Protein chains: 2
Amino acid sequence: MSREKFALGIDFGTESGRVALFSVKDGRLAGLATVPYPHGVLTVSLPGGPKLAPDWALQHPRDYLKVIEDGVAQARKVAKVQGCDVVGIGVDFTSSTPLPVLRDGMPLCLLRSHSKIPHAWPKLWKHHAAQPEANLINAVARQRGEDFLRAYGGRYSSEWFFSKVLEVLHDAPEVYELADKFIEGGDWIVWQLTGQERRSASLAGFKAMWLKGRGFPSSDFFRALHPRLEHVVEEKLARTYYAMGTPADGLSATWASKTGLKPGTPVAVANPDGHVAVPACGATKPGTLVMVMGTSVAHMTLGTEPKSVEGMCGSVEDGIIPGFWTHEAGQSGVGDMLAWFFLHGVPHRWRDEARKAGADFIAVLQRRAASLRPGQAGLMALDWWNGNRSVLVDADLAGVLVGVTLATRADEIYRALLEAAAFGTRTIVEAFEAAGITIGDIVTCGGLPEKNPLLLQIFADVTGREIKLAEHLRTCSALGAAMHGAVAAGKAAGGYDTIYEAARHMARVQKRSYKPRREAHETYDRLFKEYQTLHDYFGRGANDVMKRLKAMQRERRAA
Amino acid sequence: MSREKFALGIDFGTESGRVALFSVKDGRLAGLATVPYPHGVLTVSLPGGPKLAPDWALQHPRDYLKVIEDGVAQARKVAKVQGCDVVGIGVDFTSSTPLPVLRDGMPLCLLRSHSKIPHAWPKLWKHHAAQPEANLINAVARQRGEDFLRAYGGRYSSEWFFSKVLEVLHDAPEVYELADKFIEGGDWIVWQLTGQERRSASLAGFKAMWLKGRGFPSSDFFRALHPRLEHVVEEKLARTYYAMGTPADGLSATWASKTGLKPGTPVAVANPDGHVAVPACGATKPGTLVMVMGTSVAHMTLGTEPKSVEGMCGSVEDGIIPGFWTHEAGQSGVGDMLAWFFLHGVPHRWRDEARKAGADFIAVLQRRAASLRPGQAGLMALDWWNGNRSVLVDADLAGVLVGVTLATRADEIYRALLEAAAFGTRTIVEAFEAAGITIGDIVTCGGLPEKNPLLLQIFADVTGREIKLAEHLRTCSALGAAMHGAVAAGKAAGGYDTIYEAARHMARVQKRSYKPRREAHETYDRLFKEYQTLHDYFGRGANDVMKRLKAMQRERRAA
């Protein structure tokens, strides 16, 4: 009997990186190491350096390398796996996270001369300071009728690649000039591991206006944004982009010795995190909606043709699974909103009471909220604590709570937030279906499903659909990355030749699932109508009070 | 030099009674005793007895007597005042608080046979279970074109006298039959003190459909509500009602010995609390708006003729000051809303941090909220935590918070609630002025102004008017009651012949006041427009989501 083979997945998240070893044969998780980024997310100031403006979110590139240095050894130790039994490596990365680097890959922020300049640092997905640039991009693209806009549901986001690059050019032109390249964090990691700059078509497709068979928009378009941007593609990016699962190259000798893996072990091109969870949920053909539920929620499903769906994040050919279009939507702040409530909305008496009972206050809140019946609290929320990604695509929308009385308690508000998140997802599902994209079943993964069974039951009750769970909840993206590592290795080297085969063997869903309850679903049908009315009133221009309040807030900050 | 003379005011509030002695000469507060009601407000169950339904709020009549028994002695001791130097006694009482009693004044709830029957107990103003009865009264009165409806801004409240009496008849007809009388708590107290049942025209006018010169509605009207109610006035009420300041009679020998006061000391007929604060704020002619700010806020101003103002609580001839009409409006839950927030909205970290700093968390919250600039937080609230009394007169409206983001903090929400309360008051002031009732200055009293200077500054900034403070903030109603006690005594007996004279000598405002700041006022002008849009959207039928949510809540409770 031959020795068991493993694929390595490295999942770069917002606060930490996860390194996981999976059995190639059946997808069993053999070893996992979670490495928190020592610098976390930089939102207040640079390390030892100047303060950052609100809306800023940076990361430290050395933290990425530390995840690999520490994590691979730890995961191998837990799994008792030898380096020679790892057949392939895959990486996924939050995106868009552009870094300005020198020709040799050195990040500008690691140069002593630039370490105090915020624009020299990698901008995390939730860096939101490039909204003016996104507005400009959208205005120019709309005026010129640029094709890429259609792929992004009509609007390019401030979180994405060119918004952030243009922000550098506007606010720190010397950084823009010095940078030989701007590169996604995921592509940069693959370059570090292999010595080859082989960029991901999926990252470029979802975040950087790149269309399969068409490439980037013309230099005319970029010149219209800014004269210095005219040749940005030739000067600072790359011409060739590689499909998911393509081997970028083999692991370099340096990194082989740092990790104890074999030199030359195939490393797949980078994947966007979230998206890579789709095959890891077993979804390799149309009909299944995958929800990756964490701080935000990503909704992804496959289709055989491009579709115009209101307010989608993207509709990208071969974006996740070769041969299919990926339709993606999202909610920008579900886990974030709940975390906000735990920190900023739960009154002290709950913690005091829980402490007396020797319990965790979140558990008490959860239990009490679970015992409420739908409609019992008389509350309705709009889940826009972090804006609305789909279907309204508007970062200037904000949260609402309606129906508060002197009798309202924290467990009731909490449940209203869970329900609002579910109404937001139902809005997205109905938009998919209205565009002719049939949703059969729903499979979920991510951190929230593990922590919050009540949330899943409410999602099932509100959508009227069974919610299934991926076998690997928190390591779903890592599994997806590892599956692409196995594909990069190929069958001959102990992996698989296609992502379909990898998914057939390595991905599955759990036996337990959340089924809709008839009575609750009927009540939520009525409540969803109320949600829709408020959603449209505040979100579609009848009353732009949120935008005016935010504009006034910006005036005050600037004053 | 003759000895200094004093007037005694007894102010029966929601949670406690206040007994205060004031110098007749200059209104100086000589002694004060606050006596909490031992049974508080009965909302959960009767003492040792059955549970109460939600919306119920009862009180214990023995608690009222205890206020007098303990409080007068305490106040005299503090003031070092002898009984013979007290020239008159006045009483004010929360209303409407009807008690069913026997012919001799014995409350039914004190009979062993009826002590477990909730309907036998005094119903406090905030008992809200008689909404169906109020709806019936309004429907019948509207159909018949009853005059009294106009005096109440078109709507009779569930908090008022006949709603609660009809509730007894509907739900406990045997209690209705046994009761020889239904009487306001204030009138009952005066009866206890003097042995004479002399009812207050002001209480009857503000709460029981009684119109000066017209009396009660016809027996036809009452029969249309319920056949057994046809002769309710003759059978259970009284025919004659007395103006404020009229001596009901002298203090009985029994109560003189219990209190150490002189037998025969004049006792004025009872006053509604709140209303009685108007002359105590020095407002004895049109032009001044008096705001009594506590759990709720009452807005009162005088006029020379009846006016139809949208959603007023009442417009009563001679209601407070002889010769003038009193126009009254209100906000049903300002102090209550803030107390709710302290208990149910402030997260635990605020208390932890305050504790570490050796401070009170409310003080910390207050300080941080004060340091925010108008418009800085991007939040807007509707202050309807306890429904809307004016101008919408709708108990089924509820609170709203718009604009919450992940960056929102408790001090910002708190400030938004203060601002919403101020916007609610501005709405009322504008309704007064739209009806041709000119508001010159604003004088405030009550518990909130003392505790919450930030609230008053925001009220000044939002309304664009100077907010003055009565000299006696918490004892303003007690002073008003004492002034009527002095009027009941008359000049010959050491008091005054009219309330005007009493006000000239005993009532004044403080030197400090809150003046509107120009820049803040301009910002609040913009924000008030947003408030008005949301106010009308949720309050005037464009989206009755709050009513539907409350109806669903009632369904769930009933299920």
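The values are calculated or read from the model by the stated rules, or taken from the named source; none is laboratory data. Quantities reported herein were computed from a predicted structural model and do not represent experimental measurements. Heads up, the Cβs are rebuilt from the backbone with ideal geometry, glycines too, and the neighbour counts pull from every protein chain shown. With ligands, DNA and RNA removed, areas are computed over all heavy atoms of the protein, side chains included. Shrake-Rupley method; radii C 1.70, N 1.55, O 1.52, S 1.80 Å.
What to note about this one:
- Subset of segment A:306-349 (residues that are more than 26 Å from A:Ala420 (Cβ to Cβ) and among the acidic types (Asp, Glu)): A:Glu317, A:Asp318
- The conditions of being more than 31 Å from the chain's Cα centre (by Cα), within 12 Å of chain A (Cβ to nearest Cβ) and buried (at least 22 other Cβ atoms within 10 Å of the Cβ) are not met by B:Gly399.
- Filter pass, A:Ala339 being away from every other protein chain (no Cβ under 11 Å), farther than 26 Å from B:Met546 by Cα and not polar (S, T, N, Q): no
- Residue match in segment B:462-479 (condition: within 14 Å of chain A (Cβ to nearest Cβ), surrounded by fewer than 24 Cβ atoms within 10 Å (Cβ to Cβ) and in contact with a helix residue (DSSP H, G or I) (Cβ under 7 Å, 6 or more places away or on another chain)): no
- Restricting segment B:507-559 to residues that are polar (S, T, N, Q) and crowded, with 18+ Cβ neighbours inside 10 Å, the residue that is nearest to the other protein chains (Cβ to nearest Cβ): B:Gln553
- The number of residues in segment B:369-393 being under 30 Å from B:Ala129 (Cα atoms) and either among the aromatic types (Phe, Trp, Tyr) or touching a helix residue (DSSP H, G or I) at 6+ places or on another chain (Cβ under 7 Å) (or both) comes to 10.
- Condition broken by B:Trp160, with the remaining ones in (1) open to solvent by 30 Å² or more (accessible area, probe 1.4 Å); (2) hydrophobic (A, V, I, L, M, F, W, C); (3) within 17 Å of the chain's Cα centre (by Cα) satisfied: (1)
- Qualifying residue in segment A:300-313 (condition: free of Cβ contacts under 8 Å to residues at least 24 places away in the same chain and either touching a strand residue (DSSP E or B) at 6+ places or on another chain (Cβ under 9 Å) or open to solvent by 20 Å² or more (accessible area, probe 1.4 Å) (or both)): yes
- Qualifying residue in segment A:373-387 (condition: farther than 28 Å from A:Lys547 by Cβ, open to solvent by 30 Å² or more (accessible area, probe 1.4 Å) and either more than 8 Å from chain B (Cβ to nearest Cβ) or not hydrophobic (A, V, I, L, M, F, W, C) (or both)): yes
- Of the residues in segment B:404-412, at least one is in contact (Cβ under 8 Å) with a residue 60 or more places away in the chain and within 14 Å of chain A (Cβ to nearest Cβ).
- Some residue of segment B:432-439 being more than 16 Å from B:Ile320 (Cβ to Cβ), open to solvent by less than 30 Å² (accessible area, probe 1.4 Å), assigned to a helix (DSSP H, G or I) and not assigned by TED's automatic domain parsing to the domain that holds B:Glu15: no
- Taking segment A:96-205 as the region of interest, the helices (runs of 4 or more DSSP H) fully inside it that hold 3 or more residues being farther than 30 Å from A:Phe432 by Cα are A:161-171, A:173-178, A:185-194.
- Test: residue in segment A:176-186 that is surrounded by fewer than 22 Cβ atoms within 10 Å (Cβ to Cβ) and touching an Asp or Glu at 6+ places or on another chain (Cβ under 7 Å): no
- Residue that is nearest to A:Phe342 (Cα to Cα) [pool: residues in segment B:330-371 that are touching a Phe, Trp or Tyr at 6+ places or on another chain (Cβ under 7 Å) and open to solvent by 10 Å² or more (accessible area, probe 1.4 Å)]: B:Trp350
- So A:Val269, is it at pLDDT 95 or above, away from chain B (no Cβ under 14 Å) and either open to solvent by 10 Å² or more (accessible area, probe 1.4 Å) or closer than 25 Å to A:Glu450 by Cβ (or both): no
- Set A:His60, A:His39: member being touching a residue at least 60 places away in the same chain (Cβ under 8 Å) and within 30 Å of A:Gln131 (Cβ to Cβ): A:His60
- Residue within segment B:274-282 that is closer than 30 Å to B:Ser219 by Cα, under 25 Å from the mean Cα position of the chain (by Cα) and not β-branched (Val, Ile, Thr) present: yes
- Scanning segment B:254-263 for residues that are of a type in the set (A, V, I, L, M) and part of a helix (DSSP H, G or I) returns a single hit, B:Ala256.
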